[in-house]
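Heads up: the structure comes next, in structure tokens.
The values are calculated or read from the model by the stated rules, or taken from the named source; none is laboratory data. Quick caveat: nothing in here was measured; it's all calculated off a predicted structure. Glycine also receives a Cβ, built like all others from the backbone with ideal geometry; neighbour counts cover every protein chain displayed. Side chains are part of the model used for accessible areas, which takes the heavy atoms of the whole protein and leaves out ligands, DNA and RNA. Shrake-Rupley method; radii C 1.70, N 1.55, O 1.52, S 1.80 Å.
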Amino acid sequence: MTGTLYVVATPIGNLSDASARSREVLASVDLVACEDTRTTRTLLSHYGITTRTVALHEHNEHAESDKLIKLLREGKSVALVSDAGTPALSDPGAWLVAQAHKAGIRVSPVPGPSAAAAAFSAAGFPSARFLFAGFLPAQGAPRRKALESLEAAWPVILYEAPHRIAQTLQDLVERFGPEREIVIGRELTKKFEELARLPLGAAPDWLAERRERQQGEFVLVLAPGGERTEDSVDADRVLAVLLESLSPSEAAKVAAKITGLPKNALYRKAVERTK
């Protein structure tokens, strides 16, 4: 008989959030596949768990998965974890899970902490669904296209790193306007946790208020937008049309009059589009 691949959610900060079942599974399996063995060893040591660990990250996932599938076929049990939260959500692990399914190996989720679910539950936006967008591309056309895809009639959840949070908040203001609400979750479940709900236009100032706010891990929950109508003005579409015949400077000037958005922000978008 083959073994079982357990997909185990682990704490996103507060080690006390590890469930009794997750601790039981981590202690009973033959091997724990983890994003960073040092991070996972801290969790395991906290609970006196001595199970052997092996690294499974974005650089070795395909090769290491083959070895783990072989062990599972031999009847060994493996727990898959990420550094924090639920594996395969903006973290490695999906490839191994897919290969286990293909091989006919039992896959069993052990649910628990998730930064996306935690932030959404504390946001207070009434909605039966949300869009999980993970991390935005760092820059250029991929980032612009990703921002354009975020328009939805339900909340949007984003992850962001500290060195890009300021730029992301500014991009969201330019894309969705200053009145749209956002919830910023910083260091959720940790000692210096902060959760703020405010208009997008106030978000950059909130971030700059204290230096320590630009540290740690962030989860953003963007309030749901209204359904697009035929009269909706899309700044990106306006710029795209204007740039066919105008310079970035002139296109930004005209687009600002049409959309009501800041000319400087539109100029930056126009220059980005012409690269």
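Some notes on this structure:
- Of every Cα-Cα pair in region 48-136, the percent that sits beyond 21 Å: 41 percent
- Scalar couplings 3J(HN,Hα) for region 119-126, obtained by applying the Karplus form with A = 6.51, B = -1.76, C = 1.60 to θ = phi - 60°, are 5, 5, 5, 9, 7, x, 8, x Hz; x denotes Gly and Pro.
- For the Cα trace of region 163-275, dividing Rg by the Kirkwood Rh returns an Rg/Rh value of 1.05.
- Contact order normalised by residue count of region 144-203, Cα under 8 Å, 6+ apart, percent: 28 percent
- 3J(HN,Hα) along region 86-101, derived from phi through the Karplus expression 6.51 cos²θ - 1.76 cosθ + 1.60 where θ = phi - 60°, amounts to 8, x, 6, 9, 6, 9, x, x, 4, 5, 4, 4, 4, 5, 5, 4 Hz, with x in place of Gly and Pro.
- Max-minus-min Cα coordinates of the chain on each principal axis give 67, 38, 33 Å, with the largest extent listed first.
- Accessible surface, 1.4 Å probe, highest first, among residues S82, S77: S77, S82
- For L131, residues with placed amide H under 5 Å, excluding near neighbours: V156, I157
- Per-residue 3J(HN,Hα) values for region 9-26, derived from phi via the Karplus relation 6.51 cos²θ - 1.76 cosθ + 1.60 with θ = phi - 60°, read 7, 10, x, 8, x, 7, 5, 5, 7, 5, 6, 4, 5, 5, 5, 5, 5, 4 Hz in sequence order (x marks Gly and Pro).
- Interchain or long-range residues, amide H under 5 Å from A79's placed H: Y6, L31, V32, A33
- On Cα atoms only, tilt of 37-46 relative to the major axis of the chain in degrees: 60 degrees
- Taking N as the residue count of region 68-209, its C-alpha radius of gyration divided by 2.2 N^0.38 Å amounts to 1.26.
- Relative to one another, the C-alpha centroids of region 246-275 and region 39-62 are positioned 49 Å apart.
- On Cα atoms only, tilt of 248-259 relative to the major axis of the chain in degrees: 90 degrees
- Taking amide H as placed 1.01 Å from N in the peptide plane, G85 has its amide H under 5 Å from the amide H of T10, I12, each at least 5 places away in sequence or on another chain.
- Percentage of interatomic Cα-Cα distances in region 1-156 larger than 28 Å: 28 percent
- Surface per residue (accessible, 1.4 Å probe) for the chain, Å²: 52 Å²
- Accessible surface of the chain, 1.4 Å probe, proportion on carbon and sulfur as whole %: 51 percent
- DSSP bridge analysis restricted to the chain gives an antiparallel fraction near 50%, rounded to the nearest 5.
- Across region 5-109, the mean sequence separation of Cα contacts (distance under 8 Å, 6 or more residues apart), normalised by length, yields a relative contact order of 40 percent.
- Between A240 and R210, full extension at 0.36 nm per residue minus the direct alpha carbon distance yields a gain of 7.0 nm.
- Within region 89-187, the trypsin sites (Lys or Arg not before Pro) that combine a DSSP coil assignment with at most 14 other C-beta atoms in a 10 angstrom radius are R129.
- On full extension, the segment bounded by H62 and K275 gains 73.2 nm, given 0.36 nm per residue less the C-alpha separation.
- For the chain, the relative contact order is 17 percent, taking Cα pairs closer than 8 Å that sit 6 or more residues apart in sequence and dividing their mean separation by the residue count.
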